[in-house]
Structures are given as C-alpha cells and as structure tokens.
Amino acid sequence: MATPNLPSLTPEGNLSRYLNEIRKFPMLSHDEEFMLAKRWIEHEDVDAAHKLVTSHLRLVAKIAMGYRGYGLPLAEMISEGNIGLMQAVKKFDPDKGFRLATYAMWWIRASMQEYILHSWSLVKMGTTAAQKKLFFNLRRMKGKLKALDEGDLSPENVEKIATELNVAEADVISMNRRLSGPDASLNATVRTDGEGEGEWMDWLVDESDSQEIVIAEEDELEKRREMLSAAMSGLNDREQHILTERRLKENPLTLEELSKTYGISRERVRQIEVRAFEKLQKTIHSQVSEQNAALS
C-alpha cells in the first residue's frame, strides 16, 4: 500500500523538523478511525489509509525511542517502523473492536526488531530463539537490577539474568559486551540545518503523551481487559488454561508440554486452542456490536 505525502526522514535528515511535522497530524477518535478503516477496506480509499497512517506516526517515533540503546540510527528505526505501520493499516480489521494503535504496535515492533537483528547479524549475533530473547530483554533486565551503568556485569547479576531468561551465563556476558557502549548524552547538540541548535532533550520531553491521551489509552485498555475477562468466563476450565498458556503468556507453553499435562495428543491440544480462540473472538465481536448499537 502506498500512501502519498508522508513526511520524509533520512539518516542525514533533520529529526527535530520531522517530529514537529508529524505532530501536526490530528489524532483520530474511535468513530473516525472506524470509518476511515472501512473506506480503505471497502473502497481502497488511499486518502483514508493516508489519514490512518499519519495519525499514528507519533506512535512509531515513540516506539523507536525504546530501541535507541542498540546503537543504530534513530531515523532508520523510525523509517522501518513506518513500513510496519503501513502493513498494519493494510491488514487492520476495525470490526474486531480494537483500536488501530493496539494492532499496529505488533507490526511496528516486528519491523524494527527485524531491522535490528539484521544489522546486528553483521557482527555475528546469534539468531536462535533464546538469543533473540536475550538480545531484546537484556537492557530491561539490567534496568530492573539497576545495572545499566555497569560495564561487565557482576557474577550475581549475570546469574540472575541467565536464570530469568533461561540462557547460558556465557551468552549473557557475550551479549552484554556486544551491546555495551556509551549512550549519547541527552544534552548533546542536534544539528538543525541553519535553523539554530537544539538538544536531544528538547524533543525527547515533548514525545511524552498528553494527560488526555494517557487517560484515553488507560480507559481503552481497561475496556479491553473487561471484554477479555467476560469472554474468557464463557470457556470451560481446560479451554481457559490452554488458551492462557498458549496465547496470553509472554513465554507460552508448547503443545507437547500441554499434551502431557492433560494426557492427550498435541493435535488435540491444538484443536482445543483453536476452538477456544474462535469462541473468544465471537464473544468479543458480539460485545463490540452491542456497544456500537448502544452508541448509535
């Protein structure tokens, strides 16, 4: 899907100017977002898709900030995230009742992580599932242990991280040394191409959501939790457990592990998972339809 007139951003471009430009695009209400998505799905209305994309460019920039510790150009990270955002808009189905931002976050992060993994593969970073997990969780774990400023991690912290992420201690040490590097100062000067000078801090602070957006997002999250809880209550105990372990946990259990728990085949576990998920979708869709009818 091609969308016209997106603000341009290159590694050599003016990041501050780009951030100012994307702030000009209005946020969308739930109803506006729904109608634009419908126009794109039913009529392939490119202008509608363009509005959906541009209204979420700030989300991409915000997510990109969370990956700035990997030593890659932030401009390239944002560009990769914008590609993921366009893919999300292309596949977004508003009838499922969730906001585009919720759906798009997965696509944006996936695009950025693929770019990071590809870039770091140049220095022979491992690409097994365990090593990918370590790569994307090491900084979080170091922050949790208040060890972000450490060079080589202490043996105690190495052991804690290795245990938490279920990887070898040698992998933790190796990955930490690859990722270690001086973070850029937030007071470093940002070149502004003749329009004066600014600091990274100038626009980092502005990237935080307004109180109105925070409240709206919290309200939306609470509604989704209530809908999910209500829908889950319609499943039997086994369906709830299998669906939770397979779809709702950060580290899902395998079909093999669940088949041993219940004494059934892996294929039977898979069938129960699929059936439970379909029942969950149907219930949530019904809830959304009822809410929309009440609002109309």
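Worth a mention:
- Within the range 265-278, being closer than 14 Å to Asn236 by Cβ and surrounded by 17 or more Cβ atoms within 10 Å (Cβ to Cβ) holds for Ile272, Glu273, Ala276.
- Test set (1) at pLDDT 90 or above; (2) more than 28 Å from Ile284 (Cα to Cα); (3) among the aromatic types (Phe, Trp, Tyr) - Tyr18 fails condition number: (1)
- For the range 18-92, the helices (runs of 4 or more DSSP H) that sit wholly inside it and include 1 or more residues that are among the hydroxyl-bearing types (Ser, Thr, Tyr) are 46-54, 74-91.
- Hits in the range 222-280 (condition: under 21 Å from Lys96 (Cβ atoms) and aliphatic (A, V, I, L, M)): Met227, Leu228, Ala230, Ala231, Met232, Leu235, Leu243, Leu248, Val274, Ala276, Leu280
- Once the range 230-248 is narrowed to residues that are under 22 Å from the mean Cα position of the chain (by Cα) and free of Cβ contacts under 8 Å to residues at least 24 places away in the same chain, the residue that is farthest from Thr283 (Cα to Cα) is Glu245.
- Of the residues in the range 83-92, not one is surrounded by 22 or more Cβ atoms within 10 Å (Cβ to Cβ), at pLDDT 90 or above and within 24 Å of Met141 (Cα to Cα).
The values are calculated or read from the model by the stated rules, or taken from the named source; none is laboratory data. Note that the coordinates shown come from a computational prediction; the quantities given were computed from them, not determined experimentally. Heads up, the Cβs are rebuilt from the backbone with ideal geometry, glycines too, and the neighbour counts pull from every protein chain shown.
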